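**Q** Sharing a structure below in structure tokens format, with a few things to ask.
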Amino acid sequence: MDMDEQVIKALEVVIPDAKCPMCGTSLWQVEPGSFQHMRRQGSSVLPSIALVCQTCGNIQMIALEVLLKRAEGK
Ligand SMILES: [Zn+2]
């Protein structure tokens, strides 16, 4: 299972009924790959994934580490 498949499975487990906070629909597309938020201080990054609402274009960023831990029941 590659990372994108792992992310989609984790989303189905952790937030199966996620609705867009802007428009209230649940038509999401998971962008392939992960994104990295750079911290203002230091050189570390916060890996995240992006869900794009296909109704209104709102982008939701999810912390990858938290999502995967929750999906594993940790
Ligand atoms: Zn939306």
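**Q** In terms of Cα to Cα distance under 17 Å, which aspartates and glutamates are near enough to Lys74, apart from those fewer than 8 places away along the same chain?
**A** Result set, ordered by chain and number: Glu12, Glu65.
**Q** Using the crude model of +1 on Lys and Arg Cβ and -1 on Asp and Glu Cβ, and no other charge, please compute the dipole size for the chain relative to its Cα centre, in debye to 20. Don't jump to the answer; show the numbers that get you there.
**A** Working: 7 positive and 8 negative charges, 78 e Å.
My answer is approximately 380 debye.
**Q** Further question on the same structure: Which percent of Cα pairs goes in each bin when the distances of the chain are cut into 5 angstrom slices starting at zero?
**A** For the chain, the pair-distance distribution reads 3, 16, 24, 24, 18, 10, 4, 1.
**Q** Still on this structure, please answer the following. Please report the relative contact order for the chain, taking Cα pairs under 8 Å with a sequence separation of at least 6, and give it as a percent rounded to a whole number. Walk me through the numbers before you get to the answer.
**A** Details: 97 pairs, mean separation 21.9, N = 74.
It rounds to 30 percent for the chain.
Every read-out reported here was derived from the displayed coordinates using simple, explicitly stated rules and does not represent laboratory data. Just so it is clear, the structure is predicted and the values come from calculations on it, not from any experiment. Cβ: placed from backbone, ideal geometry, glycine included. Neighbour counts: every protein chain shown.
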